[in-house]
Structure formats: C-alpha cells, structure tokens
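Okay, so here's the structure we're looking at.
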Amino acid sequence: MCGIVGYVGRKNATDILLEGLKRLEYRGYDSAGLAVMGTEAKLKVVKAVGKTVFLEEKLTREPATGQAGIAHTRWATHGVPSEANAHPHLDCAGRLALVHNGIVENHEELKRRLEALGHRFVSATDTEVLAHLIEEHARHRPFEEALCAALKEVVGTFGLAVVMVDQPRTVYGARRGSPLVVGVGRDGENYLASDPAALIAHTRDIIYLGDDEVVRLDDNGIETFSLDRVRVTKAPETVSWSLQEIERGHHPHFMVKEIHEQPTVVRNALAGRLDARQGMSVLGGLKDVDERLRRAERLTISACGSAYLAGAIGAMMIEECAEIPVRAEIASELRYRKPIFDANREAFIAVSQSGETADTLGALREAKNKGVLTLGIVNVVGSAVARETDAGVFVHAGPEIAVASTKAFTAQLTVFALLAMHLGRQRRLSLAAGQRLAEELASLPEKVERLLEQDEAIRLLAKKYSRYPSFLYIGRKYNAPLANEGALKLKEVSYVHAEGYAAGEMKHGPIALLDDGFPVFAIATKDSLQEKVKSNVQEAKARRAPIVVLASEGDEAMAQLADDVIWVPRTTEMLSPILNVIPMQLFAYHLAVARGLDPDKPRNLAKAVTVE
Ligand code: F6R
C-alpha cells in the first residue's frame with residue numbers, strides 16, 4: 001500500500017502522475033513507480049526505490065510519454081523495498097500493469113495455482129498475483145469481465161488501478177476496503193487516486209468508490225459498476241479543501257503547520273454548533289437519530305491510535321455530562337472479542353481522522369451486525385466510516401497531511417465535548433452547567449493561540465531534552481489518556497522511547513526505571529487531582545528524574561517542583577486536554593527536528609492504515 005494516482009486525458013500523463021504522487025508523499029512510502037501507455041501500444045514502466053525525486057530523475061533518463069497511466073508510492077508490507085517489489089506489477093506478457101493498496105490474503109494459494117498454470121513471478125509481493133490472475137481470466141473472456149472475475153476471487157482488501165495495452169486510453173480502478181476516488185475533470189480528463197489530496201489541483205469533484213465497485217475511465221467518460229457488472233450510478237461530491245490547505249506554505253513541515261492551525265481548527269469544530277443561551281450544542285448530523293440517542297443507556301467508542309485516545313477522553317466527558325456508562329475500546333481488540341452490545345439501548349461511536357482505518361471499520365461493522373445505532377466522528381467527508389455509520393459529526397479539521405495526528409485529535413476532543421454537552425442536556429445536565437461549558441468552549445481558540453506563543457520556548461526545551469533515550473509521561477483522569485498521546489507523539493516522530501501512564505500507576509512498576517537519565521513529563525494543570533499528581537512528581541523527583549511539567553498559568557508552587565515548566569491557560573478539568581495536548585505536540589515536533597529527523601515522514605508509518 002500507499003498512494004495511487006491514475007490519469008486519462010490529453011496532457012502528458014507522466015507529469016500529472018508525478019505531481020499526484022508528490023501530493024501523496026506525506027502518507028509515507030519507500031519506493032515509487034508508474035506505467036504510462038504510449039501511442040505505439042506499449043507500456044512504459046519506470047520504478048525507483050526511495051523518494052519520488054529518484055523516480056523523477058530516472059524519468060529524465062528514461063522518458064515515459066503518453067496520455068494515460070497509473071502510478072504508485074509503496075509502503076512495504078510483503079517483500080522489502082526494492083524495484084522488483086515496487087508497483088506497478090505486470091502480467092507475464094507485460095501487457096497489463098497494476099498498482100494496489102491493501103492485502104491479498106489468499107495470495108499464496110492463488111500464486112501456487114497460477115504457477116502451476118505456467119505464470120512466472122518476479123516479486124515478493126502479494127500484489128503481483130493480481131496481475132497474473134487477471135491475465136489468466138483474460139485468456140477466456142474480455143478484459144473487463146476478466147478483471148471482475150479475478151477480483152471476485154480475492155480474499156482481502158484492494159484499492160487498485162489497472163491499465164492494459166489493448167485499451168490504450170482506458171484506466172480501470174476498483175476498491176474493497178482500501179480507499180479509491182475518481183476525480184471528475186473537464187475536457188475529457190479524468191483521474192483516479194487513493195486520496196482526494198492528489199487531485200484537488202485539478203478537480204474538486206470527487207466520486208467515492210464503494211466496496212466491490214469498479215470504475216472505467218476512458219474517452220467516453222466515467223462508468224462505475226459492481227463486480228457483477230451491474231452499472232452503479234454515482235454523483236460526484238465537491239471537496240471543500242483548498243490547495244493552500246494541502247501545501248506547506250512558509251512552514252518547514254506540515255506537522256508544525258497543522259499544530260499552528262489549531263486555533264482555527266477548534267473554531268471550525270465549534271462553528272454554528274454552540275447555543276450559549278440554552279447551554280446546548282447543535283449537532284445537525286445527529287438530528288435524525290436524536291430520539292434514539294436520548295434513549296441510549298450506554299455507549300461504546302472505538303478507534304485506533306490517537307483517535308482511540310481521543311475516544312478514551314471523550315468517554316469520560318460523556319460519563320461526566322450525561323451520566324451514562326461509556327466504554328472506549330481499541331478497535332483491533334474489540335472486533336475480535338465477543339463484545340456484548342445492547343442493541344436497543346446502546347450506541348456505538350467510531351472515531352477516525354481518515355475514516356478508512358481497517359480495524360475501526362471492522363469494529364464498526366461488528367457493532368452494525370449486532371443492530372446497534374452507529375455514529376461516526378470523522379474528518380474526511382465521503383470516507384468509509386462516514387458512509388457506513390447511521391449518523392455522525394464531522395470534525396472539520398481540514399486535510400491532515402502530516403502522518404502524526406495533531407489537529408484532528410484536537411478537533412475530535414472538541415467534538416466530544418460538544419457531544420457530551422448534547423447528551424448531557426438531553427439528560428440531567430443543568431442549563432447553568434451547559435451555559436458554563438458553552439462559554440468555556442468558546443474561549444478555547446484564544447487560549448490555544450496563547451499556548452502557541454510559547455513555540456520558541458518549547459523548541460529550546462525540546463533541544464535541551466533531545467538526547468535522553470526515554471521519557472515517562474504521566475497524568476490523571478482526563479489527562480491520563482493524554483499522557484499516552486504525548487508519549488505516542490514523541491515516539492512516532494522522534495523515535496525516542498516514551499511511555500504514557502496514569503500517574504497513580506507509576507509506583508506500581510515504571511518508577512523502577514527512573515533515574516537522572518529518565519525524564520518525566522507530568523501533566524499537572526490545576527484540577528481535582530492536581531495534588532495527587534504533585535505527589536507523583538515528588539516521587540519521581542526523589543529518584544532524581546528530570547521533571548518537565550505542564551502547569552496552569554501562575555501556579556508557581558507546581559513550577560517549583562519541576563526542572564522546566566510549560567504554562568497552560570486555565571480552563572475546566574474536562575476541557576483541559578484540548579489545551580494540554582498542544583505543548584506536547586510542539587515538544588515532540590521540536591525534539592524530532594533537534595534530532596535531525598523529518599517529522600512529516602516517520603519511518604514505518606503510513607497516514608491511513610487500511611490494512612489490519
Ligand atoms: C498517531 C496517528 C495514528 C492514528 C491512527 C488512527 O499520530 O496518527 O495513531 O490516530 O492510525 O487513524 P484514523 O484516525 O485515520 O482512523
């Protein structure tokens with residue numbers, strides 16, 4: 001997997017494909033390749049290991065010209081990063097080229113069968129089997145039928161694009177479980193991509209393919225159909241993202257650009273959703289299911305990674321405001337357990353920036369099968385989670401390009417606060433409490449701005465701490481999952497080992513690690529448990545651990561205990577993670593930069609994890 005681009009039109013396909021690949025670079029990859037169909041009914045395939053600039057350089061030596069083609073950035077799953085394993089993959093005759101995201105789970109079995117039929121494989125990938133499988137089916141039937149028949153045999157997931165020499169002005173795409181969109185262009189130009197970000201320089205009219213759907217782009221336009229070759233009519237949706245939003249501008253990295261966008265992100269997540277007078281939130285996306293929500297007696301939230309941690313904090317917010325039990329579950333665990341749902345009295349919430357995370361979708365489908373009302377808290381409009389849930393709330397964070405989630409996380413927390421308010425006001429939350437919450441929420445963007453003013457101070461702090469090999473992050477209650485988020489950010493972008501712990505757990509094990517070479521990052525802003533966090537900080541200090549604290553503005557007593565302090569504007573306990581996360585993001589970002597790393601492209605990570 002990683003990024004797919006396809007093009008049919010009148011321009012030089014190579015230029016468009018390369019530009020699209022560059023826009024997808026942020027998703028992480030280790031090799032790149034493209035296949036372009038020239039006029040002489042031949043496929044030109046060029047691949048390179050490493051950055052797309054290497055592919056670009058190679059193309060200056062071995063030009064590929066044509067008006068239709070497909071391209072891919074690969075993030076290795078089966079087989080090491082190498083030219084042989086990079087996509088596109090070809091059939092035996094070299095007449096068909098294919099790029100693929102996802103995993104062909106039955107590739108070994110299919111490969112054995114195809115090898116017995118004489119097919120020869122040249123890569124260690126699961127993808128190559130698809131090229132040969134289509135070739136095999138095409139011996140007995142027209143190409144389009146062969147493509148559908150082959151895909152019906154696949155167990156696993158795919159977002160793929162295929163070209164073949166007999167149809168030099170046609171690109172096919174297909175999807176199951178791995179995103180693929182069609183960009184509707186003008187003047188006979190059309191596009192394919194795994195992410196609309198690759199296309200918005202050309203078009204904002206996007207068709208989202210559903211599972212087991214196939215699309216054909218050619219001079220007659222766009223036709224979508226099912227694997228049974230039944231036509232499916234699909235209307236394009238207009239993506240609101242601007243080009244500016246997907247470009248770095250004057251910022252050195254997308255990660256820091258997105259961290260600095262957060263005052264606007266919180267404003268956008270709240271926009272039109274706060275009724276300060278009634279102390280209520282207005283969530284239009286939940287209107288149709290409001291009565292079912294009013295009757296809900298419990299909730300399950302499920303997600304992966306940072307989205308899960310936002311869900312864990314959201315669960316506490318809802319429990320506090322709505323006084324109903326809420327469990328937050330890691331999606332990859334929930335989907336394979338035997339979760340007990342109460343179909344009549346429960347609602348399920350999937351949280352996902354991309355809306356395409358395989359495990360989150362798996363958990364969501366499990367809940368749906370059990371008849372539970374399903375909601376989505378999603379950033380990407382048109383994504384699978386958005387489509388498959390009964391209702392939901394978009395977080396409106398705009399495109400998140402950096403692999404590490406920052407602004408989407410903050411937007412998810414903001415939406416959870418709105419949801420908690422909504423469910424609370426449906427139940428026992430008083431008008432006065434709702435009004436206080438609305439007022440506090442409305443004040444957050446300005447407080448986030450104040451926090452960002454400490455960017456330079458946090459850069460210097462991160463520099464000071466950049467040589468330590470390990471960190472322990474601690475916090476309590478709302479800030480316990482946030483400690484995990486702080487640690488997750490640090491490890492993914494700076495490759496420094498970090499653990500997040502509920503502060504009270506420190507003495508039950510991790511304290512054994514502490515000494516003067518093992519810093520503790522404590523979330524110690526003023527709240528009902530601050531005194532307890534203070535004790536934990538003292539315990540760490542007694543082991544000579546260097547201490548960084550997040551302290552509420554003016555809290556000198558807390559600052560005295562620490563080696564270094566980052567000041568955080570005051571807010572309520574429930575909303576404190578929305579502010580506390582910002583300095584932790586900046587700390588991780590600057591620490592990665594201080595270690596000479598590119599935080600936008602952490603090794604081994606991909607932006608949307610569409611495989612299990
Ligand atoms: C961490 C990060 C990941 C994602 C996780 C879920 O910075 O980005 O942990 O949060 O992969 O992704 P989505 O939200 O797209 O489902």
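Only one residue in P88, P81 is buried (at least 16 other Cβ atoms within 10 Å of the Cβ) and within 27 Å of the chain's Cα centre (by Cα). Which one?
When all the criteria are applied, what remains is P88.
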Can you confirm whether the stretch 410-428 contains a residue that is away from the ligand (no atom under 12 Å from the Cβ), outside any helix (DSSP H, G or I), in contact with a strand residue (DSSP E or B) (Cβ under 9 Å, 6 or more places away or on another chain) and under 15 Å from L299 (Cβ atoms)?
no
Filtered residues of the stretch 70-87 (kept if in contact (Cβ under 8 Å) with a residue 60 or more places away in the chain and of a type outside the set (A, V, I, L, M, F, W, C)):
H72, T73, R74, T77
Look through L575, L586, L561, L591 and report the one residue that is in contact with a strand residue (DSSP E or B) (Cβ under 8 Å, 6 or more places away or on another chain) and touching a residue at least 12 places away in the same chain (Cβ under 8 Å).
L561
Quickly run through the stretch 549-561 and pick out the residues that are out of contact with any helix residue (DSSP H, G or I) (no Cβ under 7 Å at 6 or more places or on another chain) and open to solvent by less than 50 Å² (accessible area, probe 1.4 Å).
S552, D555, A559
Whichever residue in the stretch 362-379 is part of a loop (DSSP other than H, G, I, E, B) and more than 9 Å from the ligand (Cβ to nearest atom) and, among such residues, is least open to solvent (accessible area, probe 1.4 Å):
V372
Total residues in the stretch 508-536, condition farther than 14 Å from I566 by Cβ and not in a loop (DSSP other than H, G, I, E, B):
12
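Quick one: which residue in E388, E400 is surrounded by fewer than 23 Cβ atoms within 10 Å (Cβ to Cβ) and either touching a residue at least 24 places away in the same chain (Cβ under 8 Å) or away from the ligand (no atom under 16 Å from the Cβ) (or both)? Write out each step before concluding.
Numbers: E400 fails: surrounded by fewer than 23 Cβ atoms within 10 Å (Cβ to Cβ).
Sole residue among the options that is surrounded by fewer than 23 Cβ atoms within 10 Å (Cβ to Cβ) and either touching a residue at least 24 places away in the same chain (Cβ under 8 Å) or away from the ligand (no atom under 16 Å from the Cβ) (or both): E388.
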Could you list, in sequence order, all residues of the stretch 332-361 that are within 11 Å of the ligand (Cβ to nearest atom), free of Cβ contacts under 8 Å to residues at least 60 places away in the same chain and of a type in the set (G, A, S)?
A350, S352, G355
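Counting just the residues of the stretch 61-78 that are under 17 Å from L43 (Cα atoms) and not in a loop (DSSP other than H, G, I, E, B), which one comes out most open to solvent (accessible area, probe 1.4 Å)? Write out each step before concluding.
Step one: filter the stretch 61-78 for residues under 17 Å from L43 (Cα atoms), giving 61-72.
Imposing the further condition that a residue be not in a loop (DSSP other than H, G, I, E, B) reduces the set to 61, 68-72.
Working: R61: 163, A68: 1, G69: 0, I70: 0, A71: 0, H72: 1 Å².
So, considering only residues that are under 17 Å from L43 (Cα atoms) and not in a loop (DSSP other than H, G, I, E, B), the one most open to solvent (accessible area, probe 1.4 Å) is R61.
Yes or no: S281 touching a strand residue (DSSP E or B) at 6+ places or on another chain (Cβ under 8 Å) and either under 26 Å from I200 (Cβ atoms) or open to solvent by less than 40 Å² (accessible area, probe 1.4 Å) (or both)?
On the way: touching a strand residue (DSSP E or B) at 6+ places or on another chain (Cβ under 8 Å): yes; either under 26 Å from I200 (Cβ atoms) or open to solvent by less than 40 Å² (accessible area, probe 1.4 Å) (or both): yes.
Taking the combined requirement at face value, the residue satisfies it.
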Scan the stretch 247-276 residue by residue and report those that are open to solvent by 30 Å² or more (accessible area, probe 1.4 Å), in a loop (DSSP other than H, G, I, E, B) and under 30 Å from L431 (Cβ atoms).
A271, G272, A276
Does the stretch 320-361 hold any residues that are open to solvent by 10 Å² or more (accessible area, probe 1.4 Å) and within 11 Å of I301 (Cβ to Cβ), and which are they?
V326, R327, A328, E329, I330
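Only one of A502, A498, A480, A487 is buried (at least 22 other Cβ atoms within 10 Å of the Cβ), touching a Lys or Arg at 6+ places or on another chain (Cβ under 9 Å) and assigned by TED's automatic domain parsing to the domain that holds D564. Can you tell me which?
Numbers: A502 fails: buried (at least 22 other Cβ atoms within 10 Å of the Cβ); A480 fails: touching a Lys or Arg at 6+ places or on another chain (Cβ under 9 Å); A487 fails: touching a Lys or Arg at 6+ places or on another chain (Cβ under 9 Å).
The unique qualifying residue is A498.
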Looking only at the stretch 191-207, filter to residues that are assigned to a strand (DSSP E or B) and closer than 16 Å to V171 by Cα; which one of those is farthest from the chain's Cα centre (by Cα)?
Y191
Criterion (over 20 Å from L217 (Cα atoms) and assigned to a loop (DSSP other than H, G, I, E, B)) met by exactly one of V129, V154
V154
Restricting the stretch 163-190 to residues that are of a type in the set (A, V, I, L, M) and not in a loop (DSSP other than H, G, I, E, B), which is nearest to G102 (Cα to Cα)?
A174
Answer yes or no: is there a residue in the stretch 399-409 that is of a type outside the set (K, R), out of contact with any Asp or Glu (no Cβ under 6 Å at 6 or more places or on another chain) and within 30 Å of R277 (Cα to Cα).
yes
The conditions are (1) in a loop (DSSP other than H, G, I, E, B); (2) surrounded by 18 or more Cβ atoms within 10 Å (Cβ to Cβ), and H100 fails exactly one of them. Which is it?
(1)
List the pairs whose first member sits in the stretch 596-612 and is near the ligand (Cβ under 9 Å from one of its atoms), whose second member is open to solvent by 50 Å² or more (accessible area, probe 1.4 Å), and whose Cβ atoms are under 7 Å apart, counting only residues at least 6 apart or on separate chains?
A606/W75
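Being in contact (Cβ under 8 Å) with a residue 40 or more places away in the chain, open to solvent by less than 10 Å² (accessible area, probe 1.4 Å) and within 18 Å of G173 (Cβ to Cβ) is the filter here; which residues of the stretch 17-36 pass it? It would help to see each step written out before you state the result.
Just the residues of the stretch 17-36 that are in contact (Cβ under 8 Å) with a residue 40 or more places away in the chain, to begin with: 17-21, 23-35.
If we keep only those that are open to solvent by less than 10 Å² (accessible area, probe 1.4 Å) too, we end up with 17, 20-21, 24, 28, 31-35.
Correct list: L17, G20, L21, L24, G33, L34, A35.
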Test each condition in (1) open to solvent by 10 Å² or more (accessible area, probe 1.4 Å); (2) in contact (Cβ under 8 Å) with a residue 12 or more places away in the chain; (3) assigned to a strand (DSSP E or B) for A149 and report the one that comes out false.
(3)
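Hey, among the residues in the stretch 178-190 that are in contact with a helix residue (DSSP H, G or I) (Cβ under 9 Å, 6 or more places away or on another chain) and open to solvent by 10 Å² or more (accessible area, probe 1.4 Å), which one's nearest to G3 (Cα to Cα)?
Here is the first cut: in the stretch 178-190, the ones in contact with a helix residue (DSSP H, G or I) (Cβ under 9 Å, 6 or more places away or on another chain) are 178-179, 181, 183, 189.
Within this subset, residues satisfying the condition of being open to solvent by 10 Å² or more (accessible area, probe 1.4 Å) are 179, 189.
Numbers: P179: 10, E189: 20 Å.
Once the filter is applied, the top-ranked residue is P179.
If you scan the stretch 362-372, which residues turn out to be in contact (Cβ under 8 Å) with a residue 40 or more places away in the chain and under 22 Å from A296 (Cα atoms)? Steps first, please.
Filtering the stretch 362-372 down to residues in contact (Cβ under 8 Å) with a residue 40 or more places away in the chain leaves 362-364, 367, 372.
Correct list: A363, L364, A367, V372.
The values are calculated or read from the model by the stated rules, or taken from the named source; none is laboratory data. Remember, predicted model here, so these are calculated numbers, not experimental data. In this analysis, Cβ positions are derived from the backbone assuming ideal geometry, glycine residues included, and neighbour counts consider all displayed protein chains. The protein model used for the area step is the full one, side chains on, heavy atoms only, and it has no ligands, DNA or RNA in it. Shrake-Rupley method; radii C 1.70, N 1.55, O 1.52, S 1.80 Å.
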